[in-house]
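Values in this text are rule-based calculations from the coordinates and carry no lab data. Everything numeric in this text was worked out from a predicted model, so none of it was measured. All Cβ positions, glycine included, derive from the backbone under ideal geometry; neighbour counts span all protein chains shown.
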Amino acid sequence: MVTSFAAKVYERCSQIPKGKVSTYGAIARALDSSPRAVGQALRCNPFAPNVPCHRVVSSDGRIGGFMGGTSGKEIERKIGLLRKENVIVEQGSIVEFNKILHLFS
């Protein structure tokens with residue numbers, strides 16, 4: 001079962017266009033919540049990759065976590081999904097992060 005908060009997080013996440021990324025903090029500000037709460041909701045995302053939580057990264061452009069993991073296969077999968085969308089990732093960070101950052105109005 002998806003909570004109403006998680007549904008709102010997934011809705012915002014679905015608004016991030018291919019080739020762009022957003023941050024846990026940006027989603028949190030849009031929902032008047034905390035980045036940690038957003039991360040917890042995304043950690044349990046049963047709709048990935050259709051709800052593209054792989055497009056959500058840390059506020060400094062680092063990859064962050066994916067599907068409950070912070071290293072290994074999960075992160076490699078996140079990087080792979082981003083690269084398929086022409087997002088350049090080097091040494092665990094998004095290249096030209098500010099140019100592809102999606103913020104919510």
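Relative contact order of the chain, please, whole-number percent, based on alpha carbon pairs below 8 angstrom and at least 6 residues apart.
Numbers: 134 pairs, mean separation 32.0, N = 105.
So the answer I get is 30 percent.
Can you list the HN-Hα couplings for region 87-92, worked out from phi with the Karplus curve (6.51, -1.76, 1.60; θ = phi - 60°), rounded to whole Hz and with x for Gly and Pro?
Couplings: 8, 8, 10, 9, 6, x Hz.
Working from Cα positions, state the angle (0 to 90°, nearest 10) between the long axis of helix 73-84 and the longest principal axis of the chain.
70
Which label belongs to the value computed from this structure, given these candidates for semi-axes √(5λ) of the Cα gyration tensor in Å: (i) 20, 15, 12; (ii) 43, 18, 10; (iii) 39, 15, 12?
Only one listed value fits the structure, namely (i).
Any idea how far apart VAL95 and ARG36 come out in nm if each label point goes 7 Å out from Cα toward Cβ?
3.5
Working from Cα positions, state the angle (0 to 90°, nearest 10) between the long axis of helix 4-14 and the longest principal axis of the chain.
30
For VAL57, list long-range residues whose amide hydrogen, built 1.01 Å from N in the peptide plane, is under 5 Å from its own amide hydrogen.
Counting only residues 5 or more places away or on other chains, the set is SER22, THR23, TYR24.
For ILE100, what is the net charge nearby, where nearby means another residue's Cβ is under 12 Å from its Cβ and Lys, Arg count +1, Asp, Glu -1?
Every neighbour counted, the sum reads +2.
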